[in-house]
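Report on one structure; see the data block that follows.
The values are calculated or read from the model by the stated rules, or taken from the named source; none is laboratory data. None of the values given here were measured: they were computed from a predicted structure. In this analysis, Cβ positions are derived from the backbone assuming ideal geometry, glycine residues included, and neighbour counts consider all displayed protein chains. SASA here: full protein model, heavy atoms, side chains in, ligands and nucleic acids out. Shrake-Rupley method; radii C 1.70, N 1.55, O 1.52, S 1.80 Å.
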Amino acid sequence: MCGIVAAIAQRDVDLILLEGLRRLEYRGYDSAGMAVLDDGRINRLRSVGKVAALQALNREKRLTGQVGIAHTRWATHGEPSERNAHPHICNERIAVVHNGIIENHESLREQQKAEGFRFTSDTDTEVIAHQIWKYVDQGMPLEEAVAAATRDVHGAWAIAVIDREQPDRLVAARQGSPLVIGIGLGEHFLASDVQALLPVTQRFVYPENGDLVILERERMEIRNAQGEVVERPEVRSEQSADEASKGGYRHYMLKEIHEQPRAISDTLEGRIVNNRIPDAILGPEATTILDRIRHVQIVACGTSYHAGMVARYWFEELAGIPCAVEVASEFRYRKHVVPEGSLFVTISQSGETADTLAALMLAREIGFEASLSICNVPESSLVRESDLALMTRAGPEIGVASTKAFTTQLAALMMLVIALGRRHGMGSETEERLCRDLLSLPGLIEQVLESDEPTRAFAEQIAEREHALFLGRGAQYPVAMEGALKLKEISYIHAEAYPAGELKHGPLALVDAEMPVIAVAPDDALLEKLKSNLQEVRARGGELYVYAEEGASMDEEEEGLHLIRVPPAPASVAPIVYTVPLQLLAYHAAVMKGTDVDQPRNLAKSVTVE
């Protein structure tokens, strides 16, 4: 969840570290800090709040030096405060930054206190600094001390370490949390994400779980969990440094909403050939694997879980394949009966979501036929650990509230539905129609984006309320859930979603003039049922805000009914189209309330800790 950056170079590294932190701020913004080696001393700056506060400190008292580590924090152990901000230093010699959770930190803390160590924070990370110091004090080189210390701790981590007495090296280790090495000319870098390092390099190496990394200016060495020197492949990123800029938009989230037509086009590019989905888009073994699949299990978290819920309707209705969907954090902690021929599908924007990764590891042990990841980051752990992968190609998504990641995940899932469906009775005509539906998506979403003003008017009324209720039926129910999630996470308005047919089973008790009810109403087989549900709301004095398809029969003159028309969309892709106005509704409501749209309180973009 936190973000780390480190560098060893032939130039001062403070500005490299700060720019890296700025680009990683989506990972955490409770506090930030950095430590730089200079003339035999470790100089450190730390501040509460966003990276801008640390930048201001560095302008006052600039840290100079050619080796340094930095961190932006999302608090787990210990409140956001300067004393809990990283880096943590032991005896003015060892400095550590850490992303992850040390599960046995309490027992280590008690042991270290008995040994005379003094603690200056409430974090789990500080025990790592003490443990490394203990080993270097015994005469171990820094890399041996880090290796020994990581054998003593349990949990997940990506750490970067510097030693005042060994100033020409930077050591890192990875277990469960993401870490990438950047390669420059006579310099090396580390970060939690390539985004942090794009201004200085496009050459990257991804350490694997258990790896120890030793970096010098002209040399890099990686050792695996057995202590053997290994080679990890170098990857050249196609991303550019300016892809992560706001591009003239007020917020990253608004930019990413408007990028959806292009992002979906990129997702589909080269993957629809003569209105057919080639198996090869999933990987070289796809045909052999898909031929064996009789059941699909989807596991994901948050927005990605909602994408999986939509896909369940598609798998069962369009492909005739039974499909189950489960939250990753729940899947991990129960016993399972695995159907024969079951494909384990994980969905994640980052590919580093801790619970989803752990669920994939469990799936490998309990008898799933194969695994497939739908992900936005080709080099991520989830992709590397899966048998098959389908990249969403959404480009960098910086806003914490996911937008283009969700819609591109849905486009990718529909392609998987088609690829499996033709093995289970889907005819060529249906496949061709679904492919045409997918290809129509960018234009449909452009139309929605062009008619933003009515949604802005909705938002003015919603922003004044404390609660909101979202309704949908069929595949639009998960879309309602996603709309509620967006509103609550960036505007802090309490919002819940229900299948419209469930109103009378409890939620109707909440409806009054102060409870806005937002509904999505495509012109499908469930429209008449939905209209009956909406009348239940009006009968109780509730205010209705309805996104209805152009041409759908809705009484536009009815008091208390506020209507926005949505372009007609094929039923197969309507959930993707109706998602976009709900994103805009949440965005405008948050702007009107004055919240931090891109970095909402208490949340971070990538949840890399359990």
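Of note:
- Near Leu382: Cβ cut-off under 13 Å, other residues only, Lys/Arg at +1 and Asp/Glu at -1. The net charge is -3.
- Volume of the convex hull of segment 111-164 (Cα atoms only), normalised per residue: 95 Å³.
- Cα centre as origin, Lys/Arg/Asp/Glu Cβ charges: segment 216-321 dipole, Debye: 340
- Note that the chain, at 37 °C in a medium of 0.692 mPa s, gets a Stokes-Einstein diffusion coefficient of 129 µm²/s from its Kirkwood radius over C-alpha pairs.
- Surface composition of the chain: carbon plus sulfur atoms contribute 45% of the solvent-accessible area (1.4 Å probe, protein chains only, all chains present).
- Length added when fully stretched, Glu514-Arg151, from 0.36 nm per residue minus Cα-Cα: 125.0 nm
- Virtual spin-label span in nm between Glu269 and Ser107, 7 Å along Cα→Cβ: 5.2
- Considering only Val229, Val573, Gly506, and ranking their Cα positions along the charge dipole of the chain that arises from unit charges at the beta-carbon of Lys, Arg, Asp and Glu, the one farthest toward the positive end is Val229.
- Only Lys, Arg (+1) and Asp, Glu (-1) charged, at Cβ; the chain dipole about Cα centre in debye: 800
- For segment 323-333, 3J(HN,Hα) per residue [Karplus equation, 6.51 cos²θ - 1.76 cosθ + 1.60, θ = phi - 60°, Hz, x = Gly/Pro]: 9, 10, 10, 8, 5, 4, 5, 8, 4, 5, 10
- Full-extension gain in nm, Tyr249 to Tyr492, via 0.36 nm per residue minus C-alpha separation: 85.3 nm
- Links that overshoot a 21 Å alpha carbon limit, given the list Lys335/Lys486; Lys50/Lys134; Lys50/Lys113; Lys61/Lys134; Lys246/Lys488; Lys50/Lys246: Lys335/Lys486; Lys50/Lys134; Lys50/Lys113; Lys61/Lys134; Lys246/Lys488
- Across segment 346-393, the convex hull enclosing all Cα atoms gives 54 Å³ per residue.
- Shape box of segment 190-286 [Cα atoms, principal axes, largest first, Å]: 49, 42, 20
- Of the residues Cys2, Pro261, Thr123, the one whose Cα sits farthest towards the positive end of the charge dipole of the chain is Thr123 (charges of +1 on Lys and Arg Cβ, -1 on Asp and Glu Cβ, taken about the Cα centre).
- For the chain, accessible area per residue (1.4 Å probe, heavy atoms of protein chains only), Å²: 38
- Label-to-label distance, nm, for residues given as Glu330 and Arg436 (7 Å Cα→Cβ offset): 3.9
- His505 accessible area, 1.4 Å probe, all protein chains in place, Å² to nearest 10: 130
- Per-residue Karplus couplings for segment 224-233, computed as 6.51 cos²θ - 1.76 cosθ + 1.60 with θ equal to phi - 60°, are listed in order as 7, 4, 8, x, 8, 6, 10, 9, 10, x Hz, Gly and Pro entered as x.
- The mean sequence separation of alpha-carbon pairs under 8 Å and at least six residues apart, normalised by the residue count of the chain, gives a relative contact order of 12 percent.
- Gyration tensor (Cα) of segment 66-187, equivalent ellipsoid semi-axes in angstrom: 21, 17, 14
- Under-5 Å amide H pairs with Asp38, H placed in peptide plane, nonlocal only: Asn43
- Of Asn376, His424, Leu388, farthest towards positive along the dipole that unit charges on Lys, Arg, Asp, Glu beta carbons give segment 322-478: His424
- Residue order by solvent-accessible surface for Thr353, Thr346, Thr287 is Thr287, Thr353, Thr346, largest first, with ligands and nucleic acids left out and a 1.4 Å probe.
- Normalised contact order of segment 77-166, rounded percent, pairs of Cα under 8 Å and 6 or more residues apart: 42
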